[in-house]
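Asks: Below: one structure in structure tokens.
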Amino acid sequence: MVLETSSNVVDRVKSVKRDSMTNVTSSIISKLDQRLFSNPAHPIGIVKNLIYDRFRKFKNSNDEDFQCFDNFDPVVSVEENFDVLCFPSDHVGRSRSDSYFLDNRTLLRTHMTANEPEYIKQGHRAFLISGDVYRRDEIDSTHYPVFHQLEGVRIFDDQSITKTVGTDFPSPFNEHFAINYDYETQRGQDKLALRHVTTDLYFKLMGLMRHLFGENTPIRWQTCFFPFTTPSFEIEILYRDRWIEVCGCGVLQQSILKDCNAPVNGWAFGLGLERLAMILFDIPDIRLFWSQDERFLNQFQLEKITKFVPFSKYPSTFRDMSFWLNESGDFDANSLFDLIRQKAGDMVEDVKLVKNY
Ligand code: DAH
């Protein structure tokens, strides 16, 4: 569903009738209308636009015309977020401890993939989407319960598939392909088509990674698992001597595409804009993206990657807290983190368990 106005979504979320699944808090609701990705001079908006521009260039090279959208309602149904995308019924994301539910049928989307099928159904065949996603998480410098994802999809019809880069399989796949290829769910797929799709995915995303990180950053592809793609891959880059996962991708399940009445060959990818921006701009703490401080906001310029210049902060103070848990066993740490966020906002930098008696 396309968002009408952002304050609309806040009112709507506030007016939902609470039930036993409801766990969305007022500090989360206050983030719903902030649209950091719409500000072209904010690091999240800058990275988003860099990626949109890279994909728009494919059109000039006679490739598909990728259209870009970012005006989506963050409230989705349980079906859209999980069922349609083949998530198993016992997946942890479906629980109150991991996701923000409005009621037992609707939640704040946990990933932008939830918005892919509706666009495929509408007939879009090459598009990028971005928006805010919500997950209950711990309190530290790399986790925040709201963050931003950008996803891309390309669906091939019988003509476009033969016009792609060919079947000259890129080397990272040769060793993995045999293992992933025979998954039950994709067995019926035309092997040549699968090679075309994977090859196109590889060259598009390698082009994007080189565009973002330069020619010299080491990049590797690992096989992994997502319920909605087979085979599935994670792309990692070497950053400060550590391999960091920056993008998930794969060949979309044919069953999902059939349910959207679309041709059955296509790829998708998804990436976290905060993670990319933290690497590119050297931003050390994910909470800075939400800063209203001009010393943060005025540092950045349209279409430019610049290095973050730290500004003064309150000196740290440490507090130990202890409390009793009742015996019902229904305590989950994410509820404590939400309570702390409610009361102290982003002033609390880190919460660690010291001891359990
Ligand atoms: N939805 C995944 C996540 O939140 C990211 C992702 C992986 C999106 C692979 C995709 C994809 O579209 O094909 O971790």
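Throughout, read-outs are computed from the coordinates displayed, never taken from laboratory work. Keep in mind it's a predicted model, so treat the numbers as computed, not measured. We place every Cβ from the backbone using ideal geometry, glycine too, and count neighbours over all the protein chains shown.
Asks: Using the Karplus curve 6.51 cos²θ - 1.76 cosθ + 1.60 with θ = phi - 60°, work out ³J(HN,Hα) for each residue of segment 347-356 in order, rounded to whole Hz, and write x for Gly and Pro.
Replies: 5, 7, 7, 8, 10, 10, 7, 8, 7, 10
Asks: Please check: in the Gaussian network model of the chain (C-alpha springs, under 10 Å), which one of Ser328, Ser61, Ser95 has the largest mean-square fluctuation.
Replies: Ser328
Asks: Using modelled amide H (1.01 Å from N, peptide plane; none on Pro or chain starts), what sits under 5 Å from the amide H of Cys224, excluding residues fewer than 5 places away?
Replies: Here Ser232, Phe233, Glu234 satisfy the definition.
Asks: Place +1 on the Cβ of every Lys and Arg and -1 on the Cβ of every Asp and Glu in segment 290-357, take the dipole about the Cα centre, and give the residue among Phe300, Ile340, Val354 whose Cα lies farthest towards its positive end.
Replies: Positive-end residue among those listed: Phe300.
Asks: OK, next. Using the reciprocal of the averaged 1/r over all distinct C-alpha pairs, how large is the Kirkwood radius of segment 267-330 in Å?
Replies: One decimal place: 15.5 Å for the Kirkwood radius.
Asks: Hey, can you grab everything whose amide H is under 5 Å from the amide H of His148? Only 5+ residues off in sequence or another chain; H modelled, so Pro and N-termini drop out.
Replies: Amide H neighbours of His148, under 5 Å, 5+ apart: Val133, Leu273, Glu274.
Asks: Going by C-beta contacts inside 10 Å, put Phe308, Phe66 in order with the fewest on the left.
Replies: The most exposed by this proxy come first: Phe308, Phe66.
Asks: Here's another thing I want to ask about it. For Ala262, what is the net charge nearby, where nearby means another residue's Cβ is under 10 Å from its Cβ and Lys, Arg count +1, Asp, Glu -1?
Replies: +1
Asks: If you wrap a convex hull around the C-alpha atoms of the chain and split its volume per residue, what is the figure in Å³?
Replies: Each residue corresponds to 167 Å³ of Cα convex hull volume.
Asks: Looking at segment 1-147 from every direction and averaging, what is the projected area of its Cα convex hull in nm²?
Replies: 10.0
Asks: Put one equal scatterer on each alpha carbon of segment 234-296, apply the Debye formula with no solvent term, and list log10 I(q)/I(0) at q = 0.21, 0.23 1/Å to two decimals.
Replies: The computed values of log10 I(q)/I(0) come out as -0.85, -0.94.
Asks: Mean-square fluctuation check for the chain, GNM, Cα pairs under 10 Å: which of Phe228, Phe323, Phe203 is largest?
Replies: The residue with the greatest mean-square fluctuation here is Phe323.
Asks: Over segment 55-136, how many percent of alpha carbon pairs lie in each 10 Å bin up to the one with the longest distance?
Replies: 17, 43, 25, 12, 3
Asks: Using Cα centres only, tell me the gap between segment 318-357 and segment 269-294 in whole Å.
Replies: Answer, in whole Å: 25.
Asks: Can I ask one more? What does the helix-only formula give at 222 nm for the chain: each DSSP H stretch with n ≥ 4 adding -39500 (n - 2.57), the total divided by the residues, and the result rounded to the nearest 500 deg cm²/dmol?
Replies: Result for the chain, helices only: -9000 deg cm²/dmol.
Asks: Find how much the distance from Arg242 to Arg18 grows on full extension, using 0.36 nm per residue of separation minus their present alpha carbon separation; answer in nm with one decimal.
Replies: In short, 76.3 nm is gained.
Asks: A further question on this structure: Please arrange Tyr52, Tyr357, Tyr239 by counting, for each residue, the other beta carbons lying within 10 Å of its beta carbon, fewest first.
Replies: Sorted ascending by nearby Cβ count, the order is Tyr357, Tyr239, Tyr52.
Asks: Moving to a separate point now. Can you work out the Karplus-derived ³J(HN,Hα) for every residue in segment 332-341? Use 6.51 cos²θ - 1.76 cosθ + 1.60 with θ = phi - 60°, whole Hz, and x for glycine or proline.
Replies: Karplus values, whole Hz, x for Gly and Pro: 10, 4, 4, 5, 5, 4, 5, 4, 4, 4.
Asks: If I fit a long axis through the Cα atoms of helix 43-60 and take the longest principal axis of the Cα atoms of the chain, what angle between them do I get, 0 to 90°, rounded to 10?
Replies: 10
Asks: Still on this structure: List, in order, the whole-Hz ³J(HN,Hα) value for each residue of segment 283-292 obtained from phi through the Karplus relation with A = 6.51, B = -1.76, C = 1.60 and θ = phi - 60°; use x for Gly and Pro.
Replies: Listing the rounded values in order: 8, x, 9, 4, 5, 4, 4, 9, 5, 9 Hz.
Asks: Hull surface divided by four, with the convex hull built on the Cα atoms of segment 183-304: how many nm²?
Replies: 9.8
Asks: Right, next: Mind checking which of Ser95, Val16, Val133 is farthest towards the positive end of the chain's charge dipole, using Cβ charges of +1 (Lys, Arg) and -1 (Asp, Glu) about the Cα centre?
Replies: Val133
Asks: Picking from Leu201, Leu252, Leu302, which is most flexible by a Gaussian network model of the chain using Cα springs under 10 Å?
Replies: Leu302
Asks: Further question on the same structure: Using only the Cα atoms of segment 34-79, what do you get for the radius of gyration and for Dmax, in Å?
Replies: For segment 34-79, the Cα-based Rg and Dmax read 13.6, 39 Å.
Asks: A further question follows. Can you sort Met347, Met278 from fewest to most other Cβ atoms within 10 Å of each residue's own Cβ?
Replies: Neighbour counts put them in this order, fewest first: Met347, Met278.
Asks: Would you mind counting up the charge near Thr142? Only other residues with Cβ under 11 Å from its Cβ, with Lys and Arg at +1 and Asp and Glu at -1.
Replies: Once all neighbours under 11 Å are counted, the net charge is -4.
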